[in-house]
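The structure appears right after this line, and notes come after that.
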Amino acid sequence: MHTRPFGNRSASVSEIGIGTWQLGGTEWGEVSDHDALATLAAAAEAGVTFIDTADIYGMGRSESLIGRFLKDRPDRDRFFIATKLGRNPKPGWPRNFTRETIFQHTEDSLARLGIEALDLTQTHCIPAVEMRRGRVFDALRDLQRQGKIKAFGASVESMDEALLCLEQQGMASLQIIFNVLRQKPIDVLFEKARRQGVALIVRLPLASGLLAGKFTAETTFGEKDHRRFNRDGQAFNVGETFAGVPFAKGLELIETIRPLVPEGMTMAQFALRWCLDHDAVTTLIPGAKRADQARANASSSDLPPLGDAMHRRLADFYREAVAEHIRGAY
């Protein structure tokens, strides 16, 4: 597993991390404690050090499972733990954005994770008006001064929001949606983030599994899976499901990409390697519900770059066949 510096911070993190939205047991279908802990262990054994979670994933379950995973590990200090706040229904918007609530939600996350300080706290796709006010970031700076968090960042839905957050002093990272089907950050964000030393955390590098190439028109998802109940943005931003591309169109696009996958790579590895080839990217956080998925994702770090010709071909594919079909904030 290769590592990359976390922006302009002294810390380095694994270039393949793990996202733990799945481990909350909601929005992605159920996952047992045993499978969740085995998935975290497999990721760690494969060299993953960056673990991303949020207080709302399973209403604290994801954080609690990570806490259990970390508890008895002699190497617990090698893990970089990032969580998010701002979307908890208790007390909900707009009270979530008060200093008092931000401090309380931070303490709650620390308790569930069983750690004394968070490596990173991120605002969790909060309204742009709250980002502009800046009071949330003032509270996070206070938490940083108190030693409760080591750094703060923002998880955003759109490039406009990402650029807005870059104006905040002390912003350590931005978490964005980026994949073969969603390439806008390359032209809009990457160079600006690089100049400012802001780390870029990539979520949905596999477009909710679409880019693994295993779905068909007959594929069904469980009632608790957002790929069923949010397919068209019924519950939250449509961009969080299949990267905003309609499922049927996504299946069609995948078949265009499939012949391009080099021999010896799976389609998922190909999609992850494409993301890693961009040096502005700090770490990818593909989700996993099983140990074998975590190991397969991590293996992409050891694959060779795809090469300039392939990147030009995929850039043309995005511009000519994909961009017009993306829905939601982008």
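The values are calculated or read from the model by the stated rules, or taken from the named source; none is laboratory data. None of the values given here were measured: they were computed from a predicted structure. Virtual Cβ from ideal backbone geometry, glycine too; neighbours counted across all protein chains shown.
Exactly one of (1) of a type in the set (Phe, Trp, Tyr); (2) over 23 Å from residue 21 (Cα atoms); (3) within 18 Å of the chain's Cα centre (by Cα) is unmet by residue 317. Its number?
(3)
Given (1) out of contact with any strand residue (DSSP E or B) (no Cβ under 6 Å at 6 or more places or on another chain); (2) surrounded by 22 or more Cβ atoms within 10 Å (Cβ to Cβ); (3) of a type in the set (Ser, Thr, Tyr), identify the lone condition not met by residue 123.
Among (1) out of contact with any strand residue (DSSP E or B) (no Cβ under 6 Å at 6 or more places or on another chain); (2) surrounded by 22 or more Cβ atoms within 10 Å (Cβ to Cβ); (3) of a type in the set (Ser, Thr, Tyr), the lone unmet condition for residue 123 is (1).
I want to confirm something. Restricting to region 283-292 and keeping residues that are closer than 15 Å to residue 204 by Cβ and not in a loop (DSSP other than H, G, I, E, B), which single residue is modelled with the lowest pLDDT?
Top of the filtered list is 287.
On the given criteria, is residue 280 of a type in the set (Gly, Ala, Ser) and not in a helix (DSSP H, G or I)? Outline the logic, then answer.
On the way: of a type in the set (Gly, Ala, Ser): yes; not in a helix (DSSP H, G or I): yes.
The answer is yes for residue 280.
Within region 294-314, can you find the residues that are exposed (fewer than 15 other Cβ atoms within 10 Å of the Cβ) and either in contact with a strand residue (DSSP E or B) (Cβ under 7 Å, 6 or more places away or on another chain) or within 29 Å of residue 22 (Cβ to Cβ) (or both)?
Within region 294-314, the first condition is being exposed (fewer than 15 other Cβ atoms within 10 Å of the Cβ), and the residues that meet it are 302, 304-305, 307-309, 312-313.
Selection gives 302, 304, 305.
Within the group 328, 264, which residue is free of Cβ contacts under 8 Å to residues at least 12 places away in the same chain, part of a loop (DSSP other than H, G, I, E, B) and at positive phi? Let's see the steps before the verdict.
Numbers: 328 fails: free of Cβ contacts under 8 Å to residues at least 12 places away in the same chain.
The conditions single out 264.
Mind checking which residues of region 134-170 are assigned to a strand (DSSP E or B) and in contact (Cβ under 8 Å) with a residue 40 or more places away in the chain?
Of the residues in region 134-170, the ones assigned to a strand (DSSP E or B) are 149, 152-155.
Residues satisfying the conditions are 149, 153, 155.
If residue 115 passes every condition in (1) under 18 Å from residue 37 (Cα atoms); (2) out of contact with any Gly (no Cβ under 8 Å at 6 or more places or on another chain); (3) surrounded by 15 or more Cβ atoms within 10 Å (Cβ to Cβ) but one, which one does it miss?
Of everything listed in (1) under 18 Å from residue 37 (Cα atoms); (2) out of contact with any Gly (no Cβ under 8 Å at 6 or more places or on another chain); (3) surrounded by 15 or more Cβ atoms within 10 Å (Cβ to Cβ), residue 115 misses just condition (2).
Scan region 249-267 and tell me whether some residue there is within 26 Å of residue 174 (Cβ to Cβ), in contact with a strand residue (DSSP E or B) (Cβ under 9 Å, 6 or more places away or on another chain) and surrounded by 18 or more Cβ atoms within 10 Å (Cβ to Cβ).
no
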